[in-house]
Each structure stands twice: as structure tokens, then as C-alpha cells.
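For reference, the structure discussed in these notes is given below.
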Amino acid sequence: MKCKARLLLACGFAAFSLGFVFTLHATGQKPTLTEVLAKMDQASRSLRSLEADIERTKVTVVVNDRVVETGKVYVARSGSSPRRVKIEFTKPAQQSVLIDKGLLRVFNHGQKRVDERKVSREDQDTAECVLLGLCQSADNLKKFEAAVIGEEPVDGLNAAVLDLKPKTPDIGRNFSAIRLWLHPEHWIAVQLRVTEANGDYQTVKLTNLRWNRGVSNSVFNLKLPKDVRVNKL
């Protein structure tokens, strides 16, 4: 389980929807938990593809160490199949994270090493939630105690803030809390913070988001050198 945790860390709507969003912001009314969860579930069902820039900041509290990684993220789904997810970090070091066809693979380019493990649909849902804040499905959200904190500005957006605390021991022993800042129209996280059980945390920010414009299948090819070392976990 600890191995899984390390690998995970290395790693417009209809007029009614738009009217609902406008009304909330026009009146300053805080959305209810039921409203937010319903919007998130609707967004999960509607999301066919996503492309964005990503910035991930990892903080080790005890030594006050901070590492900032930047790159791109791609998400695609066809029908009822699990999503295909790829994160390409380019700075400070090249690293590719791919979730596809029942496998989670993390390729560290400089080391020419791939960490690989099989993942169930449930494992993939958890990985997407922790890595990108894609926690929207109703089934996934059942694993957490959820609370709407209010609204906060994120890059000019008035984002709804949702706190998630794990209900199940398998998640709770690794992560004590997840906070999501949700886009006010698309109800996908534009920012998230994952706090580990030891107090360390990582913040992920997505910018330049492009929804449902399609992502080429070739993006999800993981091009590995011939001399790559594969570490099956």
C-alpha cells in the first residue's frame, strides 16, 4: 500500500446550469454541498477530453523543502471506458505519468526507469483524484466526507472550495485531506491541495484549460528507449 502511495504521488452547460452559476455569483450565495456534488457528477459524465498546463508544488514540511514541477496534462475518454490520462512534466526534470489500459506507469527520463503497476478501476479513480483533482464521479465521492468551505478567487475565477476527508482506511492512511477549487462553470478542479498523513502536501494548479476539444491517441503513447529499466510494483 505504501508503494502505491509513493507511485501515486510521483506521480458550456445547458441554460439551466449557466443560469444557476450566474444566480449564485450575482447574489453571493454559497452553493450547497448537494448542488456542488450534483454539478461535479454532471461534469464527470460530460467530460470527453481535457488539455491543460500543470504546475505541481511539493512541500516537505519538516525541512521546509519545496519542489515545483511544470508541464502538460491530457485526459481523454471514449464511451464508458476508463479515462486515459497522461501528465508530461518537463521542468525541472522530465517525467511522464500515464494511466491507460489498466496500468499506471511513471517514466523518469533521466534515469531511464519505468515504475509500473496494474490498477483497478477503483485505483484509477483514486489516482485521478489525487493527481489532478478529478474526483467528480458520485461513486468516487462516496469515499470521502465532503464539505463546501465557500468561494475563493483563483486566476480571476470565483472558485467553489470543496474539502474532502477520506472515509476508508486504505486512503486515510496515506492522505488526510484533499481540497479542491472548482471552476464555476465547468465544475472541474482548477487547483487542488493534497495533504499527506505526515503533514507534507502538494498543490496542483491547472491553467489554459481546453475542454472537449479532442486529444490525439498518439499523445498517450509512452515512447521508451530500448535500454529502459522496468520496475514492476
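For the reader, a short list of remarks on this structure follows.
- Global form of region 26-164, assessed from the alpha-carbon gyration tensor, a/c cut-off 1.5: oblate
- Global geometry of region 121-224, whether rounded, prolate or oblate, following the gyration tensor of its Cα atoms and the 1.5 cut on a/c: oblate
- Inter-probe distance in nm under a simple model that places probes 7 Å from Cα toward Cβ, at E35 and S78: 3.8 nm
- Kirkwood Rh and Cα Rg combined as Rg over Rh, evaluated for the chain: 0.96
- Where both bridge residues fall in the chain, DSSP classifies roughly 95% of the beta bridges as antiparallel.
- When peptides 59-68, 110-119 are ranked by their average number of other Cβ atoms within 10 Å per residue, the highest-first order is 110-119, 59-68.
- For the residue pairs K30/K91; K39/K72; K39/K165; K205/K226, alpha carbon separations beyond 29 Å are given by K30/K91; K205/K226.
- Sequence-ordered 3J(HN,Hα) estimates for region 201-214 from the Karplus curve with 6.51, -1.76 and 1.60 and θ = phi - 60° stand at 8, 10, 10, 10, 10, 10, 9, 6, 6, 10, 9, 6, 9, x Hz, glycine and proline given as x.
- Each Lys and Arg contributes +1 and each Asp and Glu -1, all at the Cβ; summed about the Cα centre of the chain, the dipole is approximately 1000 debye.
- Aspartates and glutamates whose Cα lies under 14 Å from that of K112, excluding same-chain neighbours fewer than 8 positions away: D227
- Peptides 187-193, 152-158 ordered by average Cβ neighbours within 10 Å, highest first: 187-193, 152-158
- Each Lys and Arg adds +1 at its Cβ and each Asp and Glu adds -1 at its Cβ; summed about the Cα centre, region 92-206 shows a dipole of about 440 debye.
- Projecting the Cα positions of A147, L103, L134 onto the charge dipole of the chain (unit charges on Cβ atoms of Lys, Arg, Asp and Glu, taken about the Cα centre) puts L103 furthest along the positive direction.
- In order along region 160-176, the phi-based Karplus estimate (6.51 cos²θ - 1.76 cosθ + 1.60, θ = phi - 60°) of 3J(HN,Hα) comes to 6, 10, 10, 9, 10, 10, x, 8, 8, x, 5, 8, x, 6, 10, 10, 8 Hz; Gly and Pro are listed as x.
- Each residue in S218, S78, S49 was given a count of other beta-carbon atoms within 10 angstrom of its own, and listing them fewest first yields S218, S78, S49.
- The HN-Hα couplings worked out from phi for region 43-52 by the Karplus form 6.51 cos²θ - 1.76 cosθ + 1.60 (θ = phi - 60°) are 5, 4, 6, 8, 6, 9, 7, 8, 9, 7 Hz, whole numbers, x standing for Gly and Pro.
- Here R48 and D155 are evaluated by their C-beta separation; at R0 = 22 Å the FRET efficiency comes out at 0.40.
- Here r is the Cβ-Cβ distance between D139 and V230 and R0 is 41 Å; the resulting FRET efficiency, rounded to 0.05, is 0.85.
The numbers here are math on the coordinates, done by the rules we state, and not lab data. Here the structure is a predicted model, which means the values were calculated and not measured. Cβ coordinates were reconstructed from backbone atoms using ideal geometry, including for glycine residues, and neighbour counts include every protein chain displayed.
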